[in-house]
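Every read-out reported here was derived from the displayed coordinates using simple, explicitly stated rules and does not represent laboratory data. Since the model is a prediction, treat every value here as computed from it, not as a measurement. Cβ sites come from the backbone with ideal geometry, for glycine too, and all protein chains shown count toward neighbours.
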Amino acid sequence: MQSLKNIVINAAMSLTLLFGLTVSAAAAGSSFEQVEALSEQGDSFYQDYLGDHYSGGRGVRQDYGKAFEWYQKSAKQNNPFAQGYIGIMYETGRGIRQNKTTAKEWYGKSCDNGEQLGCDQYKKLNEQGY
């Protein structure tokens, strides 16, 4: 059982890295203050990126609660990366109560908005009976 948990955590962290690399490459060079200002103006891309800052403790103290808030704001605007991150948070229990059924729902939203990694994670959880 412990090895299965490690596999799931490793897979989730791999997804986090893949999602993060996509966002980081596009937003490279933006200061935290710029990211925060654009996020507060409602820019879905930067809301997701600000969630990454809080989730990873980049430039700020790590805070999964704030990360979740920013991912939710971005996800409401159908950002598939933010939807995938919320799925990861629910699947792993990072900062919120673990709920794989809810994780699957968020992965489904990510998939519906064109993110293949969301589709892959949805399929994986579906095969596990969630």
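Which of the residue pairs 73/123; 104/124; 100/123; 73/124; 76/109 have a Cα-Cα distance greater than 20 Å in the structure shown?
Details: 73/123 25 Å; 104/124 9 Å; 100/123 12 Å; 73/124 26 Å; 76/109 10 Å.
Violating the 20 Å limit, Cα to Cα: 73/123; 73/124.
With the Cα gyration tensor of the stretch 47-93 in hand, convert its eigenvalues to equivalent ellipsoid semi-axes via √(5λ) and list them largest first in whole Å.
Details: eigenvalues 51, 29, 11 Å².
For the stretch 47-93, the semi-axes come out at 16, 12, 7 Å.
Among 82-90, 46-54, 115-123, how do they line up from the highest to the lowest mean number of other beta-carbon atoms within 10 Å?
Values: 82-90: 27.7, 46-54: 25.4, 115-123: 19.2.
Taking the mean over residues of other Cβ atoms within 10 Å, the ranking is 82-90, 46-54, 115-123.
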